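**Q** Next up is a structure, given as structure tokens.
The values are calculated or read from the model by the stated rules, or taken from the named source; none is laboratory data. The structure presented is a predicted model; accordingly, all values stated were derived computationally and were not measured. Glycine gets a Cβ as well: all are built from the backbone with ideal geometry, and neighbour counts include every protein chain shown. When the accessible area is computed, the model is the full protein with side chains, heavy atoms only, and any ligands, DNA or RNA have been set aside. Shrake-Rupley method; radii C 1.70, N 1.55, O 1.52, S 1.80 Å.
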Amino acid sequence: MPSAHDFLERCDKLAVMGGTFDPIHNGHIAIASAVLQEFSPRRVLFVPGGRPPHKPGYDVTNGEHRFKMTLSAVCENPAFDVSRMEIDRKGPSYTVDTMAKLREICPPGAKIYFIIGADALMEILTWHGAEKLLGLCEFIALHRPGYDFDEKYIEDLREKYGAIIHIFEGPLLQISGTEIRKKFAEGQAVGGLLPRVAEDHARENSLYSLPAPDLSQSHFETVKLSISTLLSPRRFKHTLGTIIEAEKLAAHYGADVNKARWAALLHDCAKEFSAAKKRLLCERWCIALDEVLSAHIDITHSLLGAESARRNYQINDPEILQAIAFHTTGGANMTLLDKIILLADFIDPYREDYPPLEEMRRHAYTDMKKALRIGMEYNVQDLQARGNAIHPWTRDAMKEI
Ligand code: ATP
Ligand code: MG
């Protein structure tokens with residue numbers, strides 16, 4: 001069975017980039033690229049560490065996530081690869097063991113570099129097995145904004161421990177994992193600091209604990225303003241009507257009124273994206289297109305709306321997002337909020353010219369299921385009459401109502 005490290009058996013010049021990569025960022029990639037140019041190793045091998053013993057006081061993200069982020073960020077460069085060696089290792093993970101192992105795998109006499117930033121180099125003597133490590137490979141040491149090289153310390157490493165250290169004036173980038181985690185946690189933009197795929201992975205998996213969404217009145221007004229400029233006047237009026245109706249329904253049925261108005265505000269935020277934009281965003285935001293969605297791309301506006309609410313308006317409340325995502329098709333196991341948004345969308349007070357409207361309004365506050373059933377049955381018949389497919393989620397919803 002081939003192993004991920006097979007290529008190393010023939011690799012006579014390797015550069016290793018160790019780190020926690022929590023997350024990998026553009027600083028790491030710039031450094032690796034510069035090393036590739038300057039030192040021409042056959043490969044730069046990124047080695048995400050296990051839970052590092054020298055990083056107390058902060059809970060390093062699960063290795064699988066760090067591995068995936070790192071791999072997806074670097075895999076398109078033919079000379080970059082990522083090793084699972086440390087994250088798969090049981091017990092504490094030490095760089096010295098990794099470098100010893102790589103020495104064993106690479107052909108005898110191979111040149112092996114360890115890429116290291118100024119901050120890490122200045123504390124290398126505190127690492128487990130530092131003396132042995134210093135003799136196992138050559139070091140490519142990079143300047144890092146905010147950290148000084150202590151010339152005396154480096155001279156000591158050279159003289160006392162025989163270390164070979166190449167000081168490399170690589171790119172100077174003021175980016176750190178710590179800063180990126182902090183920005184995520186505070187809901188600030190991180191664009192330009194790390195590769196998009198890594199950002200998406202972190203976001204999709206809420207790796208750096210998104211803050212509680214801001215559902216305040218003032219944020220509502222801000223978002224309402226941007227939705228008003230985003231949508232056509234007709235659609236914005238419908239949005240306002242849906243908010244009014246959703247608030248009333250939520251109050252009547254004992255649902256969370258504030259969540260109802262947020263879901264109503266954002267439910268159509270992606271509706272007027274062009275078909276091409278919808279298709280592209282589905283791909284980019286990993287929204288899988290089944291047959292029906294692919295044939296009728298407009299239906300995805302509810303799924304895209306939920307994703308856009310999260311990404312663009314920082315609304316990461318799962319109940320609100322689900323209500324937005326279900327508002328077109330409905331779905332299995334709909335919550336009270338899901339049904340309220342679905343119904344409010346149907347019967348918004350500004351809506352006219354919709355045949356079952358009066359009947360739906362008559363039942364809305366006495367028998368919500370009946371009101372929904374009337375609307376959904378009408379829609380299904382209408383779609384079938386026009387030869388359109390019915391989404392399976394709608395069938396699921398209809399079974400329940
Ligand atoms: P954290 O803030 O979580 O420590 P980090 O940005 O330092 O994250 P690490 O995974 O700890 O990233 O770093 C891996 C290696 O990359 C270390 O040798 C570190 O010194 C180096 N490094 C990271 N960012 C930079 C940078 N901007 N400039 C130079 N070296 C860097
Ligand atoms: Mg660090």
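**Q** Can you name the residue in the stretch 296-313 that is of a type outside the set (A, V, I, L, M) and in contact with a Leu (Cβ under 8 Å, 6 or more places away or on another chain) and, of all such residues, is surrounded by the most Cβ atoms within 10 Å (Cβ to Cβ)?
**A** From the stretch 296-313, those of a type outside the set (A, V, I, L, M) are 296, 298, 300-302, 305, 307-308, 310-313; that's our starting set.
Narrowing the set further to residues that are in contact with a Leu (Cβ under 8 Å, 6 or more places away or on another chain) leaves 300, 305, 307-308, 310, 313.
Numbers: Thr300: 25, Gly305: 23, Glu307: 23, Ser308: 20, Arg310: 22, Tyr313: 19.
In this case the residue turns out to be Thr300.
**Q** Which of the residues that make up the stretch 119-130 are surrounded by fewer than 16 Cβ atoms within 10 Å (Cβ to Cβ) and either touching a helix residue (DSSP H, G or I) at 6+ places or on another chain (Cβ under 9 Å) or of a type in the set (S, T, N, Q) (or both)? Don't jump to the end; show me each part of the working.
**A** Initially, the stretch 119-130 is screened for residues surrounded by fewer than 16 Cβ atoms within 10 Å (Cβ to Cβ), giving 119, 123, 125-126, 128-129.
Listed by number, the residues that qualify are Leu125, Thr126, His128, Gly129.
**Q** Which count do you get for residues in the stretch 345-372 that are open to solvent by 80 Å² or more (accessible area, probe 1.4 Å) and either without any contact (Cβ under 8 Å) to a residue 60 or more places away in the chain or on the phi > 0 side of the Ramachandran plot (or both)? It would help to see each step written out before you state the result.
**A** At the first step, the residues of the stretch 345-372 found to be open to solvent by 80 Å² or more (accessible area, probe 1.4 Å) are 350, 352-353, 355, 358, 362, 366, 369.
Retained after the next criterion (residues that are either without any contact (Cβ under 8 Å) to a residue 60 or more places away in the chain or on the phi > 0 side of the Ramachandran plot (or both)): 352-353, 355, 358, 362, 366, 369.
Adding up the residues that qualify gives 7.
**Q** Another one. Check Gly375 against each of (1) open to solvent by 30 Å² or more (accessible area, probe 1.4 Å); (2) under 22 Å from Arg261 (Cβ atoms); (3) not aromatic (Phe, Trp, Tyr) and name the one condition it does not meet.
**A** Among (1) open to solvent by 30 Å² or more (accessible area, probe 1.4 Å); (2) under 22 Å from Arg261 (Cβ atoms); (3) not aromatic (Phe, Trp, Tyr), the lone unmet condition for Gly375 is (1).
**Q** If you don't mind, another one. Could you give every pair whose Cβ atoms fall below 8 Å, whose first residue belongs to the stretch 20-34 and is over 17 Å from Asp119 (Cα atoms) and within 10 Å of ligand 2 (Cβ to nearest atom), and whose second residue is open to solvent by 10 Å² or more (accessible area, probe 1.4 Å) and part of a helix (DSSP H, G or I), counting only separations of at least 6 or pairs across chains?
**A** If the second residue must be open to solvent by 10 Å² or more (accessible area, probe 1.4 Å) and part of a helix (DSSP H, G or I), no pairs are left.
**Q** Which numbered condition in (1) open to solvent by less than 80 Å² (accessible area, probe 1.4 Å); (2) hydrophobic (A, V, I, L, M, F, W, C); (3) not in a loop (DSSP other than H, G, I, E, B) is the only one that Ile390 fails?
**A** Answer for Ile390: the failing condition is (3).
**Q** Would you check if there is a residue in the stretch 35-46 being within 15 Å of ligand 1 (Cβ to nearest atom), closer than 30 Å to Asp150 by Cβ and in contact with a Cys (Cβ under 9 Å, 6 or more places away or on another chain)?
**A** yes
**Q** For a quick check of your reading: which helices (runs of 4 or more DSSP H) sit entirely within the stretch 196-256 and have at least 3 residues that are in contact with a Leu (Cβ under 9 Å, 6 or more places away or on another chain), buried (at least 16 other Cβ atoms within 10 Å of the Cβ) and of a type in the set (Val, Ile, Thr)? Break it down into steps so the answer makes sense when it comes.
**A** Numbers: elements: 196-204, 217-230, 233-253.
In the stretch 196-256, the matching helices (runs of 4 or more DSSP H) lie at 233-253.
**Q** So, one more: Which of the numbered conditions does Gly50 fail, given that it passes all the others? Conditions: (1) away from ligand 2 (no atom under 16 Å from the Cβ); (2) within 30 Å of Glu204 (Cα to Cα); (3) not in a helix (DSSP H, G or I).
**A** Status for Gly50: all satisfied but (1).
**Q** Can I ask one more? Within the stretch 102-143, take every residue that is part of a loop (DSSP other than H, G, I, E, B) and free of Cβ contacts under 8 Å to residues at least 40 places away in the same chain and give me the one that is nearest to ligand 2 (Cβ to nearest atom).
**A** Pass one, the stretch 102-143, residues part of a loop (DSSP other than H, G, I, E, B): 106-110, 122-123, 127-129, 137, 143.
Going one step further and asking which of them are free of Cβ contacts under 8 Å to residues at least 40 places away in the same chain, we end up with 108, 122, 129, 143.
Working: Pro108: 32, Met122: 12, Gly129: 19, His143: 14 Å.
Step by step, filter the stretch 102-143, then rank; the result is Met122.
**Q** Against the definition (more than 10 Å from ligand 1 (Cβ to nearest atom) and in contact (Cβ under 8 Å) with a residue 60 or more places away in the chain), how does Tyr153 come out, yes or no?
**A** Here the answer is no, as Tyr153 does not meet what is asked.
**Q** Looking at the stretch 174-187, which of the residues that are open to solvent by 80 Å² or more (accessible area, probe 1.4 Å) and within 18 Å of the chain's Cα centre (by Cα) is nearest to ligand 1 (Cβ to nearest atom)?
**A** Only one residue fits best here, namely Thr178.
**Q** Further question on the same structure: Looking at Ile116, Ile112, can you tell me which residue is away from ligand 1 (no atom under 12 Å from the Cβ), surrounded by 14 or more Cβ atoms within 10 Å (Cβ to Cβ), modelled with pLDDT of 95 or more and of a type in the set (Val, Ile, Thr)?
**A** Result of the check over Ile116, Ile112: Ile112.
**Q** Same structure, new question: Of all residues in the stretch 356-386, which are modelled with pLDDT of 95 or more and in a loop (DSSP other than H, G, I, E, B)?
**A** Pro356, Tyr365, Thr366, Asp367
**Q** Taking the condition within 26 Å of Gln37 (Cα to Cα), away from ligand 1 (no atom under 12 Å from the Cβ) and surrounded by 13 or more Cβ atoms within 10 Å (Cβ to Cβ), does Pro171 pass? I'd like the intermediate steps shown before the answer.
**A** Details: within 26 Å of Gln37 (Cα to Cα): yes; away from ligand 1 (no atom under 12 Å from the Cβ): no; surrounded by 13 or more Cβ atoms within 10 Å (Cβ to Cβ): yes.
Spelling it out, it is not the case that Pro171 is within 26 Å of Gln37 (Cα to Cα), away from ligand 1 (no atom under 12 Å from the Cβ) and surrounded by 13 or more Cβ atoms within 10 Å (Cβ to Cβ).
**Q** Exactly one of (1) within 16 Å of ligand 2 (Cβ to nearest atom); (2) part of a helix (DSSP H, G or I) is unmet by Thr98. Its number?
**A** That leaves (1) as the condition not met.
**Q** Return the residue satisfying two criteria in turn: it lies in the stretch 32-44 and is of a type outside the set (D, E, K, R), within 31 Å of the chain's Cα centre (by Cα) and open to solvent by 30 Å² or more (accessible area, probe 1.4 Å), and of such residues it is nearest to Gln174 (Cα to Cα).
**A** Step one: list which residues in the stretch 32-44 are of a type outside the set (D, E, K, R), which gives 32-37, 39-41, 44.
If we keep only those that are within 31 Å of the chain's Cα centre (by Cα) as well, we get 32-37, 44.
Pick out the ones that are also open to solvent by 30 Å² or more (accessible area, probe 1.4 Å) and you get 33, 36-37.
Working: Ser33: 16, Leu36: 20, Gln37: 21 Å.
Residue satisfying both the conditions and the ranking: Ser33.
**Q** Which condition does Trp262 not pass, out of (1) of a type outside the set (S, T, N, Q); (2) closer than 16 Å to His327 by Cβ; (3) modelled with pLDDT under 95, if it passes all the others?
**A** (3)
**Q** From the list Ala276, Ala264, Ala332, pick out the single residue that is open to solvent by 30 Å² or more (accessible area, probe 1.4 Å) and more than 23 Å from the chain's Cα centre (by Cα). Steps first, please.
**A** Details: Ala276 fails: more than 23 Å from the chain's Cα centre (by Cα); Ala264 fails: open to solvent by 30 Å² or more (accessible area, probe 1.4 Å).
That would be Ala332, the only listed residue that is open to solvent by 30 Å² or more (accessible area, probe 1.4 Å) and more than 23 Å from the chain's Cα centre (by Cα).
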